[in-house]
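One structure is given here, and the rest of the page talks about it.
Nothing in this text is a laboratory measurement; each read-out follows from the coordinates by a stated rule. Just so it is clear, the model here is predicted, and its values are computed rather than measured. Here Cβ is always computed from backbone atoms with ideal geometry, including for glycine, and neighbour counts include all displayed protein chains.
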Amino acid sequence: MSDEVRRIGRELIHKGTILEYYVDTMELPDGKQAKWDFIKHNGAAAVVPVMADGRILMVSQYRNALERYTLEIPAGGLNPGESVDTSLAAARELEEETGYASEDLELLLSLHTTVAFCNEKIDIYVAKNLVRTQQHLDEDEYLRVEAYTLTELQEMVLDRRIQDSKTIAALMAYKVKYGI
């Protein structure tokens, strides 16, 4: 018996606007076969926008999957050609969603959101030296931008008002890295 698990087939079930759903046929170490779900995502970038006074810009937007508004760091999917340098997507999303720009972006962390069935990877940046510009929301995007202290955001994480995984990971990593 081998320890190897290998995919021996992949069937596209549905192609949506931001993801593709497949059923994979897998060969297991004991030689048996299993069907596993796989969701393909092109990746995303997100940003922790830090204002001069230390407050962090957050966006509140409606999320259909949860049927409610959530408080998150600005983020968005990668466009063609952005997969190598995700800072381009982070800078784009920062300005589109918050109306601020920055040329001072530093990679904070990379994470995979749901490793059991999806390949989505999000690179998360910290943006400093923000310059006020103008929002450029997508046609179907309606959101509010608000600034919070890190302490306020931590309290919202711990009392479960913030439940978005990329936001929680980003805020905690920011606190650890910068010792705030």
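Assuming a ≥ b ≥ c are the square roots of the Cα gyration tensor eigenvalues, decide whether segment 1-66 counts as rounded (a/c under 1.5), prolate (otherwise, with a/b larger than b/c) or oblate. Please report the intermediate quantities before stating the final value.
On the way: a/c = 4.21, a/b = 2.32, b/c = 1.81.
Verdict is prolate for segment 1-66.
For residue 163 and residue 85, FRET efficiency with R0 = 25 Å and r from the beta-carbon atoms, rounded to 0.05? Write down the numbers at each step before the final one.
Details: r = 30 Å, r/R0 = 1.19.
Efficiency at R0 = 25 Å is approximately 0.25.
Give me the extension gain from residue 36 to residue 61: residue separation times 0.36 nm, minus the current Cα-Cα distance, reported in nm with one decimal.
Numbers: separation 25, 0.36 × 25 = 9.00 nm, distance 3.20 nm.
Full-extension gain reported as 5.8 nm.
Where nothing but the Cβ of Lys and Arg (+1) and of Asp and Glu (-1) is charged, how large is the charge dipole of the chain around its Cα centre, in debye to the nearest 20?
Working: 20 positive and 31 negative charges, 76 e Å.
Using only the charged Cβ atoms, the result is roughly 360 debye.
What distance in nm separates the two pseudo spin-label positions at residue 15 and residue 103, each 7 Å out from Cα along the beta-carbon direction?
Spacing of the two 7 Å Cα→Cβ label points: 4.0 nm.
If you take the Cα Rg of the chain and divide it by 2.2 N^0.38 Å, with N the number of residues, what do you get?
On the way: Rg = 18.7 Å, N = 180, 2.2 N^0.38 = 15.8 Å.
It is 1.18.
Gap in Å between the Cα centre of segment 32-99 and the Cα centre of segment 123-178?
Value for the Cα centre distance between the two parts: 10 Å.
Kirkwood hydrodynamic radius of segment 32-89 from all distinct Cα pairs, in Å?
Details: mean 1/r = 0.0698 Å⁻¹.
Hydrodynamic radius (Kirkwood, Cα pairs) of segment 32-89 is 14.3 Å.
Treat each spin label as a single point 7 Å out from the Cα along the C-beta direction, and report the residue 177 to residue 24 distance in nm.
Placing both labels 7 Å beyond Cα along the Cβ direction yields 2.9 nm.
Put +1 on the Cβ of every Lys and Arg and -1 on every Asp and Glu Cβ in segment 36-180; which of 134, 169, 90 then has its Cα farthest towards the positive end of the dipole?
Comparing the listed Cα positions along the dipole, 169 ranks first.
Excluding same-chain residues fewer than 8 positions from residue 128, which lysines have a Cα within less than 18 Å of its Cα?
Those lysines meeting the cut-off are 175, 177.
Ranked highest first by average number of other Cβ atoms within 10 Å, how do 32-40, 63-71 line up?
Peptide ranking by packing, descending: 32-40, 63-71.
In debye to the nearest 20, how big a dipole does segment 1-67 give about its Cα centre with +1 on each Lys and Arg Cβ and -1 on each Asp and Glu Cβ? Write out the running numbers ahead of the final one.
Details: 9 positive and 10 negative charges, 44 e Å.
My answer is approximately 200 debye.
Sorted by average packing, counted as other Cβ atoms within 10 angstrom per residue and highest first, what order do 16-22, 91-97, 133-139 take? Don't skip to the answer; put the middle values down first.
Values: 16-22: 12.1, 91-97: 21.9, 133-139: 10.6.
Order by mean packing, descending: 91-97, 16-22, 133-139.
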